[in-house]
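Here's a structure for you.
Read the figures in this text as sums done on the coordinates, not as results from a lab. Computed from a predicted model, the values in this text were never measured in an experiment. FYI the Cβ positions are ideal-geometry reconstructions off the backbone, even for glycines, and counts take in every protein chain you see.
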Amino acid sequence: MPQFLVFTLAAPFASFGSVAVGERRPTWDRPSKSQILGLIAGALGIERRDEARQAELAGSYHFAVRIDDAGQVQSDYHTTQVPQQRRNRRFATRADELAVVETDLKTILSRREYRLGSFYTIAVTKSGAGVAAPSLSDLQTALRAPAFAPYAGRKANALMLPMTPELVDAADVETAFKAFDA
């Protein structure tokens, strides 16, 4: 019988980036595979730049997301100053970007969407690939005491409830969700 790691993802503010064209930054109604992988990688202490371990995670698990409450969509209007694009000019930090002369700064306007009061139940199972990937038990331990602070899409979007990861033996994902709910 397959084993699932089931946990909650609930946040007062969440944002699950959709395709962003122009100044509008929409959000999906649920976390994507990459967002869940990022959450798990952060819990394990795997940094974004560690491409080999990130790729191992991506190929090692299957995910299911149950939308318990997608929340309400809220828009936020942003203004950001950034340096004008120039050939062969790169900035290492945000402080470096803002250190340019003021006449080199331009203002970018954007409208970002968030989900207010969203609540999801996530199920993860091993795919059979990636034998070196952490076990579901390792993931459970990491989600209970994450190396990096977990968040719902953007770093400013803290979780409102503990993730309460549980290992469930079940024939399929629907049965795993029901066992977790019980």
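Among DSSP bridges having both ends in the chain, what percentage is antiparallel? Round to the nearest 5.
95 percent
How high is the FRET efficiency from D68 to A132, r the C-beta distance, R0 35 Å, rounded to 0.05?
0.60
Could you work out the longest stretch of the chain that avoids the GluC sites (Glu not before Pro) located in DSSP loops with at most 15 other Cβ atoms within 10 Å?
48-182
While we're here: Give the label of the value calculated from the structure for percent of Cα pairs over 22 Å apart, choosing from [x] 54; [y] 66; [z] 59.
Only one option fits the structure, namely [x].
Return a whole-number percent for the relative contact order of the stretch 91-182, with Cα pairs under 8 Å and 6 or more residues apart as the contact set.
So the answer I get is 20 percent.
Still on this structure, please answer the following. For the stretch 38-87 and the stretch 148-182, write down the distance between their C-alpha centroids in whole Å.
One Cα centre to the other: 16 Å.
For the chain, what is the calculated [θ] at 222 nm in deg cm²/dmol (nearest 500), taking -39500 (n - 2.57) for each run of four or more DSSP H residues and dividing by its residue count?
That calculation yields -6500 deg cm²/dmol at 222 nm.
How high is the relative contact order of the stretch 1-138, given as a whole-number percent (alpha carbon pairs under 8 Å, six or more residues apart)?
Reported as a whole number, the value is 43 percent.
Okay, moving on. Extending each Cα 7 Å along its Cβ direction at Y77 and E23, get the distance between those two points in nm, one decimal.
Once both label points are built, they end up 0.9 nm from each other.
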